[in-house]
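Bear in mind that the values in this text are calculations on the coordinates, not laboratory data. Everything numeric in this text was worked out from a predicted model, so none of it was measured. Every residue, glycine as well, gets a Cβ built from its backbone with ideal geometry; the counts of neighbours run over all protein chains shown.
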Amino acid sequence: MPVQSDLREILAAGLAAADPADAVRRSLGFEGSSISAGGRTFAAESVSVVTAGKAAGAMARAAVEVLGDNISGGIVVTKDDHDPGPEDLETVFSSHPEPDERGVDAARKVRELVESLGEEDLLLALVSGGASALLADPEPPIELADLKRLTGDLLKSGADIGEINTVRKHVSVLKGGGLVRLASPAPTAALLLSDVVGDEPSSIASGLTAPDPTTLDDTHSVLRRYGIEPPESVAEHLRGAEENPGLDDPVFENVVNLICGGGRHAAEAAAEKAGELGYAPLLLTTTLTGDALGAASMYAAIVREVLASGNPVAPPCAIVSGGEATVVVRGDGTGGPNEEFSLAMAVELDGIEGWAAFSADTDGHDGPTDAAGGIVSGATAQAMREGGVDPAEALSDNDSYAALEAGGALLVTGPTGTNVNDLRVAVVSGR
């Protein structure tokens, strides 16, 4: 279908704008013996690189391009099946979204590296989304099994990423500013590829390099809000834990945190491509959060209004948003927030012509699945029924993956090498 072809072009443009290697190249400078990042200049005898997240490989390779032999070593921690780092750096693959033993080993290696640094060294931290889970660093006496249980309960609860990271930061060694505290007195330059709404450094990858504005009380509040009973080892740790370093902690005097890329870049590029293809673009927001079902209902209402009245923008048009939706697990199916959004759109606008939409996780993996999300139209729900799946029943069972697969509506990109939140676009042709 021509409209779906346009949607795929729009998605490709958004992903290209969030290229992690380009983000590092435009943010990191080197001249003479000085390294610059975020308006600060560092003169270091050696540079050690810690790269963690779904975009870790590409970010590490770009840093090596810029700094060359000034890098003395480092470690790259990324997700299975994602691009590794350059040969000169050790690459460790671990699990996401739930941690595993390889993540524990990766966190141990990172800790050993940063604790070996002196004040004449520079820690270059290249951080992208996914690093929270990939670096599994539970504070003693918390065991990995208990960390996995806690993480799973948070992911299923409907808590947003900020709330999840609030808890993670208070049960971890490296998060909540722990990485730079361990590296001190070595200065740290951190380039952050943001996967969180608002691009707050303390929320990206649970704030490995940033002051922590959250508290232990905030952690307890999140657990109570979602009815999560933590494992006993977690409860024991929280009873005796100290607060993470905050804004006034002197350890951050020698730290620069620079947002080198994020969801806004992807959304703006998607809107621009939509305009080039002949659709009047409307960038709604790059900060959409909350339940995917609510977001889909809002989008469906806008599509109906555009078709009925030409408001808030006349067709042909493209409604664009970024952010990060969540799923409240009610059933036993499989899917992620982008697949659930797409299925809900197909159900709400079943049989209505003149529109099509996609919702995609920019890393290429929506929740625990191998699809980035879904691409749907008014004909998709009927295609699902013809494929043997009732779309409304699948939605109530959180079984969006099976429904989209039955309707030929899964959006599969494979690992994209970046991670900057979700991207949603609905195009309304009016015909």
As computed over the stretch 293-391, the Cα convex hull volume per residue (Å³): 101
Which whole-number percentage describes the relative contact order of the stretch 20-261, with Cα contacts under 8 Å and a sequence gap of 6 or more? 20
Could you check the simple spin-label distance between THR285 and SER34, using points 7 Å along Cα→Cβ, in nm with one decimal? 4.3
Label-point separation in nm, ASP350 to GLU276, each point 7 Å along Cα→Cβ: 3.8
When only Cα pairs under 8 Å and 6 or more residues apart are kept, what is the percent relative contact order across the stretch 135-233? 34
If eta is 0.692 mPa s and T is 37 °C, what Stokes-Einstein diffusion coefficient results for the stretch 264-428, Kirkwood Rh from Cα pairs, in µm²/s? 214
Could you work out the relative contact order of the stretch 264-428? I mean the mean sequence separation of Cα pairs under 8 Å and 6+ apart, divided by the number of residues, in percent. 27
If N is the number of residues in the stretch 289-340, what value comes out of its Cα radius of gyration divided by 2.2 N^0.38 Å? 1.36
For the chain, longest principal axis from Cα atoms; helix 2-17 axis from its Cα atoms; angle between them, nearest 10 degrees, is 10
Using DSSP to define loop residues, name the GluC sites (Glu not before Pro) in the stretch 1-107 whose beta-carbon has at most 10 other beta-carbon atoms within 10 Å. GLU87
Estimated [θ] at 222 nm from DSSP helical runs (n ≥ 4, -39500 (n - 2.57)) normalised by residues in the chain, nearest 500: -11500 deg cm²/dmol
So which GluC sites (Glu not before Pro) in the stretch 296-353 end up in coil per DSSP with only 14 or fewer other C-beta atoms within 10 Å? GLU353
Under a no-solvent Debye model with one identical scatterer per Cα of the chain, what's log10 I(q)/I(0) at q = 0.06 Å⁻¹? -0.25
Based on alpha-carbon atoms only, what is the radius of gyration of the stretch 20-261 relative to the globular estimate 2.2 N^0.38 Å? 0.95
Hey, what's the Cα Rg ratio for the stretch 109-148 versus the globular rule of thumb, 2.2 N^0.38 Å? 1.47
All lysines inside 28 Å of LYS148 as judged from Cα atoms, apart from same-chain residues fewer than 8 positions distant: LYS54, LYS79, LYS109, LYS156, LYS169, LYS175
Diffing the stretch 318-332: the Karplus 3J(HN,Hα) column from phi (6.51, -1.76, 1.60, θ = phi - 60°), in whole Hz with x for Gly and Pro, holds 10, 9, 10, 8, x, x, 8, 7, 10, 10, 8, 6, 10, x, 10
Derived scalar couplings ³J(HN,Hα) [the stretch 71-80; Karplus, 6.51 cos²θ - 1.76 cosθ + 1.60; whole Hz; x for Gly, Pro]: 7, 8, x, x, 9, 10, 10, 9, 7, 3
Residue with peak Gaussian network fluctuation, the chain [Cα springs, cutoff 10 Å], from SER396, SER309, SER206: SER309
